[in-house]
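Peer 1: To start, I am sharing the structure in question, which I have written as structure tokens.
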Amino acid sequence: MTDLPRHRHSEFLRAELPLPGGLILDVGCGEGGLVRFLTREGARVVGLECSAVQLRRAGAAPRLGGESYVFGQGEDLPFEDRSFDAVVFSNSLHHVAPERMDRALTEAGRVLRPGGLLYVAEPLAEGPLFELMLPVEDETAVRAAACAALQRRAQPPVFDGLREIRYVAAAKYRDFEAFKAQVLGVDPARRTAFEAAEDKLRAGFRKAAVLRDAAAFIDQPFRLTLSRRCGTD
């Protein structure tokens with residue numbers, strides 16, 4: 001990890017996505033943070049989320065433009081063929097059941113316009129944040145499954161090859177309680193394991209976090225995979 005360059009996610013989002021003006025689908029949008037960021041950048045954005053709780057929170061945020069939120073799952077997208085200029089999985093593909101990841105990528109290809117971009121940012125199974133989370137959940141296998149699915153599906157004849165970028169980004173939290181809320185918001189089923197290991201997690205958070213500007217930052221290495229939908233209009 002120490003050899004990887006350090007970047008903000010926003011650098012790649014701005015450089016690679018069709019901003020402004022593009023119609024973008026954020027699969028697994030959670031509480032809508034990325035949807036709002038892309039909307040501020042001038043995109044037209046649809047956020048898809050399978051958690052009703054997170055979807056309500058996303059919908060309750062003040063509107064910034066024409067963004068919208070839809071209940072649904074990545075492996076069964078409720079959209080017409082060739083609808084979007086880009087489909088984004090930001091820290092979300094590994095939350096799809098492994099046996100359904102191929103289907104989710106097939107669905108992404110279906111709803112992308114020819115030449116549209118598949119943008120997948122996945123955390124690697126290493127680094128301070130990954131290690132901090134191990135008492136709650138070991139995602140080594142599902143993160144590897146997401147990478148394998150991309151190698152199988154984000155290729156011809158549907159997609160035009162793969163481009164990968166590896167980098168380290170820092171997750172930002174107000175404090176430990178904000179970290180806990182984010183972890184449990186993604187998956188409420190983690191609560192029992194989290195609370196059983198809470199003292200250890202608090203100590204690990206203090207050790208891993210870099211404090212600055214009244215916030216805590218914890219490093220996580222990522223793999224960004226980019227591929228274009230084959231064909232022309």
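Each value in this text was obtained by applying a stated rule to the coordinates, not by laboratory testing. Quick caveat, the model's predicted, so the values are computed rather than measured. Reconstructed Cβ throughout: ideal geometry from the backbone, glycine too, with neighbour counts over all protein chains shown.
Peer 1: Assuming 1.567 mPa s and 4 °C, estimate D for segment 119-184 with Stokes-Einstein, Rh taken as the Kirkwood radius over Cα pairs, in µm²/s.
Peer 2: Rounded to a whole number, D works out at 92 µm²/s.
Peer 1: Based solely on its DSSP helices, what 222 nm [θ] is calculated for the chain when runs of n ≥ 4 H residues each add -39,500 (n - 2.57) and the sum is averaged over all residues, nearest 500 deg cm²/dmol?
Peer 2: Computed ellipticity for the chain at 222 nm equals -10500 deg cm²/dmol.
Peer 1: Name the GluC sites (Glu not before Pro) in segment 65-156 that are in a loop by DSSP and that have at most 16 other C-beta atoms within 10 Å, would you?
Peer 2: Counting only loop positions with at most 16 other Cβ atoms within 10 Å, the GluC sites (Glu not before Pro) in segment 65-156 are E80, E126, E137.
Peer 1: For segment 46-103, just the Cα set please: Rg and Dmax, both in angstrom.
Peer 2: 12.4, 36
Peer 1: So how much slack lies between A181 and A141, counting 0.36 nm per residue of separation and subtracting their Cα-Cα distance, in nm?
Peer 2: Stretched out fully, the A181 to A141 stretch lengthens by 12.0 nm.
Peer 1: Give the Cα extents of segment 118-233 along the principal axes, in whole Å, largest first.
Peer 2: 53, 32, 23
Peer 1: From the C-alpha gyration tensor of segment 1-65, pull out the three semi-axes of the equivalent ellipsoid (sqrt of 5λ each), sorted largest to smallest, in whole Å.
Peer 2: Values: eigenvalues 106, 53, 19 Å².
For segment 1-65, the ellipsoid semi-axes come out as 23, 16, 10 Å.
Peer 1: Right, next: Which ordering of K200, K180 is given by a fewest-first count of other beta-carbon atoms within 10 Å?
Peer 2: Taking fewest neighbouring Cβ atoms as first place, the list is K200, K180.
Peer 1: To continue, here is another question. So what are segment 83-148's ellipsoid semi-axes, whole angstrom, largest first, if each one is the square root of 5 times an eigenvalue of the alpha-carbon gyration tensor?
Peer 2: Over the Cα atoms of segment 83-148, the semi-axes work out to 26, 12, 8 Å.
Peer 1: Which residue fluctuates most in the GNM of the chain (Cα springs below 10 Å): D138, D85, D219?
Peer 2: D138
Peer 1: Here's another thing I want to ask about it. I'd like the trypsin sites (Lys or Arg not before Pro) in segment 22-68 restricted to DSSP loop residues with at most 15 other Cβ atoms within 10 Å, sorted by number.
Peer 2: For trypsin sites (Lys or Arg not before Pro) across segment 22-68 that sit outside H, G, I, E and B with at most 15 neighbouring Cβ atoms in 10 Å, the list reads R63.
Peer 1: Report the gain in length on full extension from A15 to K200: 0.36 nm times residue separation, minus Cα-Cα distance, nm rounded to one decimal.
Peer 2: 62.7 nm
Peer 1: Please report, in whole Å, how far the alpha carbons of segment 1-126 spread along each principal axis, starting with the longest.
Peer 2: In descending order, the Cα extents are 40, 34, 33 Å.
Peer 1: Please report the Cα spread of the chain along all three principal axes, rounded to whole Å, starting with the longest.
Peer 2: Ordered largest first, the chain gives principal extents of 55, 37, 31 Å.
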